[in-house]
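Notes for the one structure printed next.
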Amino acid sequence: MPKQTEKKPAAAKYEWRKTEKAFYLPKEKGPVRIDVPEMNFFVVDGAGSPADEEFHAQIGLLYALSYTIRMMPKSGWTPPGYQEYTVFPLEGVWRMDTEAWQGGELDKTKLKYRLMIRQPWFVTDEVVERAMESARKKVPADLLERASYEAFTDGPSVQMLHIGPYDTEPETFAAMNAFMKEHGLVRAEQLHREIYLSDPRRVAPEKNRTLLRFFHLNAAPGAQNAGR
């Protein structure tokens, strides 16, 4: 079980959009380097196309768990250290070195991913257990069993805000790869993180916002400017 993170200062409501802009809403228009600390998430692993019913069921599971914790005080129990907050956005870690790439084209039916939603600092083993137990009333047991609670540290990263349809993300990835080459950085694995800042059901595709992040970066062999 991930450790309980440092308690945040008291406030009327914790808004990640305002308090943690560097991790979600960078002011820079292009790629930027950032060191991302450990964060705790509800996680579910999956494979296949984002258009599949299973993909959407997994998202529903993560939101059910997240809002169960968010609403605990109204359900009769307030976790120690609880502070009102905005639920964190959906995220996905995608593996791009799989058989999904065939002849330079992406076969979405063969994608592998980890969907997750970050949880606030006060979440403990007891909070997670209570959330899981409560979710049993709303979520099929076989789906709930696939959820886990884990800590992730992205560490040295390069990220960029992508504005537009998901299918145009390769344009942003190209800019990020060029930035990494310029700064003497390489990826430890062919993984990337996507943080979904818009609801595609309510936003036009050309205005959709997704934060893209390459993480676990290392200095390229022989690189002279990796620390800059």
- Ser157: out of contact with any Gly (no Cβ under 9 Å at 6 or more places or on another chain), part of a helix (DSSP H, G or I) and modelled with pLDDT of 95 or more, yes or no? no
- The correct count of residues that are farther than 15 Å from Asn40 by Cα, part of a loop (DSSP other than H, G, I, E, B), among the aliphatic types (A, V, I, L, M) and touching a helix residue (DSSP H, G or I) at 6+ places or on another chain (Cβ under 8 Å) in the stretch 58-101 is 1
- Which of (1) on the phi < 0 side of the Ramachandran plot; (2) touching a strand residue (DSSP E or B) at 6+ places or on another chain (Cβ under 8 Å) is the odd one out, the single condition Gly155 does not satisfy? (1)
- Query: Ala11 passes all but one of (1) modelled with pLDDT under 95; (2) of a type in the set (A, V, I, L, M, F, W, C); (3) surrounded by 17 or more Cβ atoms within 10 Å (Cβ to Cβ); which number fails?
  - Reply: (3)
- Message: Looking only at the stretch 56-67, filter to residues that are over 14 Å from the mean Cα position of the chain (by Cα) and surrounded by fewer than 18 Cβ atoms within 10 Å (Cβ to Cβ); which one of those is nearest to Glu84 (Cα to Cα)?
- Response: Tyr67
- Query: Which members of the stretch 68-89 meet the condition of being surrounded by 16 or more Cβ atoms within 10 Å (Cβ to Cβ) and of a type in the set (S, T, N, Q)?
  - Reply: Thr68, Gln83
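Taking the stretch 170-195, which residues are in contact with an Asp or Glu (Cβ under 8 Å, 6 or more places away or on another chain) and crowded, with 17+ Cβ neighbours inside 10 Å?
Arg193, Glu194, Ile195
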- Task: Could you tell me which of the residues Gly46, Gly92 is surrounded by 15 or more Cβ atoms within 10 Å (Cβ to Cβ), within 18 Å of Phe214 (Cα to Cα) and not aromatic (Phe, Trp, Tyr)?
- Result: Gly92
- Query: Name the strands (runs of 3 or more DSSP E) wholly within the stretch 160-221 that hold at least 2 residues that are more than 16 Å from Lys29 (Cα to Cα) and over 16 Å from the mean Cα position of the chain (by Cα)?
  - Reply: 185-187, 217-219
- Message: Among (1) in contact with a Phe, Trp or Tyr (Cβ under 8 Å, 6 or more places away or on another chain); (2) at pLDDT below 95; (3) farther than 20 Å from Arg146 by Cβ; (4) not aromatic (Phe, Trp, Tyr), there is one condition Lys112 misses while meeting the rest; what is its number?
- Response: (3)
- Message: Looking only at the stretch 131-154, filter to residues that are of a type in the set (Gly, Ala, Ser) and either assigned to a strand (DSSP E or B) or closer than 23 Å to Ala47 by Cβ (or both); which one of those is nearest to the chain's Cα centre (by Cα)?
- Response: Ala151
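From Val32, Val36, which residue is at pLDDT 95 or above, among the aliphatic types (A, V, I, L, M) and touching a helix residue (DSSP H, G or I) at 6+ places or on another chain (Cβ under 8 Å)? Write out each step before concluding.
On the way: Val32 fails: touching a helix residue (DSSP H, G or I) at 6+ places or on another chain (Cβ under 8 Å).
Testing whether each residue is at pLDDT 95 or above, among the aliphatic types (A, V, I, L, M) and touching a helix residue (DSSP H, G or I) at 6+ places or on another chain (Cβ under 8 Å) leaves just Val36.
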- Note on the structure: In the stretch 124-169, residues that are buried (at least 17 other Cβ atoms within 10 Å of the Cβ), closer than 16 Å to Leu211 by Cα and out of contact with any Leu (no Cβ under 8 Å at 6 or more places or on another chain) total 1
- Message: So Asp52 ticks every box in (1) closer than 17 Å to Pro200 by Cα; (2) in contact with a helix residue (DSSP H, G or I) (Cβ under 7 Å, 6 or more places away or on another chain); (3) surrounded by fewer than 17 Cβ atoms within 10 Å (Cβ to Cβ) but one. Which box is left unticked?
- Response: (2)
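The values are calculated or read from the model by the stated rules, or taken from the named source; none is laboratory data. Since this is a predicted model, take the numbers as computed values, not measurements. Note that we place each Cβ from the backbone using ideal geometry, even for glycine, and neighbour counts take in every protein chain shown.
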